[in-house]
Amino acid sequence: MFLLSPVSCQVQGAEPLKGKKVLFIYGGWEGHQPEACRDLLVPWMESEGAEVVVYDTPECYSNESLMSKIDLVVQIYTQGRISGEAERGLLEAIKRGVGIAGWHGGLGDAFRQNTEYQFMVGGQWVAHPGGIIPYDVKITDKKDPITKGLKDFHMHSEQYYVHIDPNIKVLATTKYTGEHGFWIEGAVVPVVWKKTYGKGRVFYSSLAHVVKDFDVPEALEIMKRGIRWASLSLYEPNEKWVTPVYK
């Protein structure tokens with residue numbers, strides 16, 4: 001756990017998480033195994049030099065002292081509710097430059113009634129046709145550091161159908177066969193994306209319904225790279241991310 005001392009600028013190199021103050025939020029619906037995900041990712045972030053503080057409630061976002069001293073939020077909190085004060089605390093922190101990273105329902109299906117939160121994330125889960133099924137993930141951006149060098153890969157999990165901001169920078173997608181909904185045969189939906197909200201970096205991956213899904217090397221590597229990228233939000237200039245689907 002880190003001490004709440006002022007954030008200071010630091011030189012960034014090959015260890016982007018080193019010295020970063022990370023707030024890890026877990027909880028909500030137990031089906032996404034938030035505790036097991038905590039036990040996987042918190043030790044990894046600490047091994048990379050991050051100072052991590054862990055809470056099992058999003059209400060800590062209303063703690064101004066805490067939120068003023070962090071570099072990054074990592075959240076796995078599916079569904080649930082958040083107070084207006086806590087939501088404002090989170091969104092204001094990201095607007096001023098704090099990064100946020102998350103995956104599956106823990107970021108993309110949290111606080112369903114909070115539309116400004118969804119605006120920040122850039123998308124919202126709406127369905128997983130067929131439940132746990134085999135599906136493929138296609139790397140669509142082979143130059144971005146988060147996906148560079150990775151090949152297309154296979155998952156056996158929930159294939160998230162998400163409603164998205166049509167301007168996010170999409171890094172990977174998935175295509176639906178129609179087996180579990182003939183009307184979506186051939187539909188292509190984003191799996192991994194990045195964007196900003198205010199000055200803050202936002203990273204999302206729809207992969208990993210349960211912690212075992214991170215046994216797929218590409219799924220875990222994408223999450224790690226996304227966390228590292230988001231952790232630099234306060235220290236690097238904003239990059240161009242708006243990639244309009246509609247011209």
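Computed from the coordinates by the stated procedures, all read-outs in this text should not be read as laboratory data. Since we're looking at a predicted model, the values are computed, not measured. Note that we place each Cβ from the backbone using ideal geometry, even for glycine, and neighbour counts take in every protein chain shown.
On the given criteria, is residue 72 over 26 Å from residue 221 (Cβ atoms), under 16 Å from the mean Cα position of the chain (by Cα) and either in contact (Cβ under 8 Å) with a residue 12 or more places away in the chain or surrounded by 15 or more Cβ atoms within 10 Å (Cβ to Cβ) (or both)? Taking the combined requirement at face value, the residue does not satisfy it. Condition test on residue 138, is it in a strand (DSSP E or B), basic (Lys, Arg) and surrounded by fewer than 17 Cβ atoms within 10 Å (Cβ to Cβ)? When the stated conditions are applied, residue 138 passes them. Residues that are farther than 21 Å from residue 123 by Cα number at least 3 in the following strands (runs of 3 or more DSSP E) confined to the range 46-106: 51-55.
Restricting attention to the range 166-178 and to residues that are of a type outside the set (Lys, Arg) and within 20 Å of residue 153 (Cβ to Cβ), the residue that is surrounded by the most Cβ atoms within 10 Å (Cβ to Cβ) turns out to be 171. So, in the range 113-128, of the ones that are among the aromatic types (Phe, Trp, Tyr) and not in a strand (DSSP E or B), which residue ends up surrounded by the fewest Cβ atoms within 10 Å (Cβ to Cβ)? Among them, the one singled out is 119.
In the condition set (1) over 15 Å from residue 224 (Cβ atoms); (2) in contact with a helix residue (DSSP H, G or I) (Cβ under 9 Å, 6 or more places away or on another chain), residue 37 is compliant with all but (1). Only a single item in (1) surrounded by 17 or more Cβ atoms within 10 Å (Cβ to Cβ); (2) closer than 21 Å to residue 18 by Cα is not met by residue 219, and it is number (2).
Listed by position, the strands (runs of 3 or more DSSP E) inside the range 146-232 whose residues that are among the β-branched types (Val, Ile, Thr) number at least 3 are 169-175, 188-197. For the range 100-116, name all the residues that are closer than 13 Å to residue 82 by Cα and touching a Leu at 6+ places or on another chain (Cβ under 7 Å). Residue satisfying the conditions is 116 alone.
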